[in-house]
Amino acid sequence: MKLGALEAGGTKMVCAVGDETGKILEQISIPTETPEITVPKMIAYFRKAGIEGLGIGCFGPIDPDPASETYGYITSTPKLAWQNYNIAGAFREALCCPVGFDTDVNGSVLGEVTFGQAKGKNCVIYVTIGTGVGAGVYIEGRLLHGMLHPEAGHVLIQKRSDDPYGGKCPYHKNCLEGLAAGPAIEARWGQKAVDLKDREEVWDLEAWYIAQALSGYILTLSPQMIILGGGVMHQEQLFPKIRTYVKEMLNGYIKTSQMDHMESYIVPASLKDDQGIMGALELGRRAVAESRNQA
Ligand code: ADP
Ligand code: ZN
């Protein structure tokens, strides 16, 4: 079955055509301008491909509740042109096919659970640490929405006493995103994150902040695996540091085999940065299956 996948981001829109096995047949990237400029280009691309369903993993916040009047909308984003924009509706109307819709990070966790290293697990968290921090949660076989959807990048964490940086989030002085996303690293140290590679103290502090948040997620949701992606996690030296700090912070309280094998518990993404787009294919497949069930 030919399916469309859209990974909608604040700087670019990645559009792909693939199938239900996660195979990507073709892919393009379109800069994110206004909906008036960008959406018609994407519609033309998918229309030409002749897809049977589309999945969208979208930057947020979004409304993922099918029972809500604003289902399918991007809601209170700081990207003003996209505020209160019915992105799923625009595609559903133009393409006349089922459209699956969720957050970008829920898309990524779905990609990893369906096609990647987390196959067969029923509680998995995917955290992206890039321009912002976000987390997708797959729990008991479903993507977690609840009241809205997880906004776990903004969990409050304790600042380390040797860190004078005030934080970059306009809402919180000491949330993970404000202290540890790429722009926070660059503002604190005055250099591009990628150029700080050899500065041990940068990644030690970064790992300490990330580990605090992960410890909270572990205690709250009991994930069987935590997958870390996004630009900042290209600094691979972070992984051993994060694992060590998580163990230290949990201090032996959680006793499971995963805690004894942290190297296979807190892991990098496994799908070569295609987890988001492959997850969107699965969102599309699920939307088609659901529409057939209802018919
Ligand atoms: P986005 O979050 O916008 O989708 P990315 O996940 O690539 O995009 O994140 C971009 C952020 O990640 C930038 O703020 C940059 O500082 C940081 N970043 C990108 N590449 C690297 C790298 N190799 N090492 C450290 N930080 C990086
Ligand atoms: Zn915040």
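Only the coordinates and a few stated rules stand behind these numbers; no lab work does. No experiment lies behind these values; they were computed from the predicted model shown. Cβ atoms come from the backbone with ideal geometry, glycine included; neighbour counts cover every protein chain shown.
For 248, 186, which order do you get if you count the other beta carbons within 10 Å of each Cβ and list the fewest first?
Numbers: 248 12, 186 16.
With the fewest neighbours first, 248, 186 line up as 248, 186.
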Have a look at 37, 228, 181 and report the one farthest towards the positive end of the charge dipole of the chain, computed about the Cα centre with Cβ charges (Lys/Arg +1, Asp/Glu -1). 37
What aspartates and glutamates does residue 197 reach when the alpha-carbon gap must be under 16 Å and sequence neighbours fewer than 8 apart in one chain are set aside? 186, 206, 236
Built amide H within the under 5 Å cut-off of residue 2, gap 5+: 52
Listed by chain and number, the lysines with an alpha carbon less than 17 angstrom from that of residue 119, same-chain partners under 8 positions apart left out, are 23, 272
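Give the percent of DSSP beta bridges with both residues in the chain that are antiparallel, rounded to the nearest 5. Kindly include the intermediate steps, with their values, before the conclusion.
Working: 26 of 45 bridges.
In the chain, approximately 60 percent of DSSP beta bridges are antiparallel ones.
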Partner lysines for residue 173 [C-alpha distance under 18 Å; skip if fewer than 8 residues away on the same chain]: 159
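If you rank 219, 179, 196 by fewest surrounding Cβ atoms within 10 Å, what's the result?
Values: 219 12, 179 31, 196 19.
Exposure proxy ranking, most exposed first: 219, 196, 179.
Taking loop as defined by DSSP and a crowding limit of 11 other beta carbons within 10 Å, which chymotrypsin sites (Phe, Trp or Tyr not before Pro) in the range 240-276 fit? Please report the intermediate quantities before stating the final value.
Values: sites: 245, 253, 265; in loops: 253, 265.
Taking the range 240-276 and a limit of 11 other Cβ atoms within 10 Å, the loop chymotrypsin sites (Phe, Trp or Tyr not before Pro) found are 253.
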Packing-based order for 134-145, 54-65, using average beta carbon neighbours within 10 Å, highest first: 54-65, 134-145
With point charges of +1 on the Cβ of Lys and Arg and -1 on the Cβ of Asp and Glu, referenced to the Cα centre of the chain, which listed residue (96, 208, 60) lies farthest in the positive direction of the dipole? 96
For the range 132-145, in order, what is each residue's ³J(HN,Hα) by Karplus, 6.51 cos²θ - 1.76 cosθ + 1.60 with θ = phi - 60°, in whole Hz (x at glycine and Pro)? x, 10, x, 9, x, 10, 9, 9, 6, x, 9, 7, 7, 10
Among the complete DSSP H segments of the chain, which ones combine at least 27 Å of alpha-carbon extent along their axis with a mean Kyte-Doolittle hydropathy of 0.0 or more? 200-221
What list do you get for 149, 234, 154, 261 if you sort them by fewest beta carbons within 10 Å? 261, 234, 154, 149
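Can you classify the chain as rounded, prolate or oblate using the Cα gyration tensor, where a ≥ b ≥ c are the square roots of its eigenvalues, rounded means a/c under 1.5, and otherwise it's prolate if a/b beats b/c and oblate if not? Please report the intermediate quantities before stating the final value.
Values: a/c = 1.95, a/b = 1.53, b/c = 1.27.
Cα axes put the chain in the prolate bin.
For Cα pairs less than 8 Å apart in space and 6+ apart in sequence, what is the mean separation divided by the residue count of the chain, i.e. the relative contact order in percent?
22 percent.
Hey, what number do you get for the chain at 222 nm if only DSSP H runs of n ≥ 4 count, each worth -39500 (n - 2.57), divided across all residues, to the nearest 500? Could the numbers behind the result be given before it?
Details: 9 runs with 108 residues, N = 295.
Rounded to the nearest 500, the figure is -11500 deg cm²/dmol.
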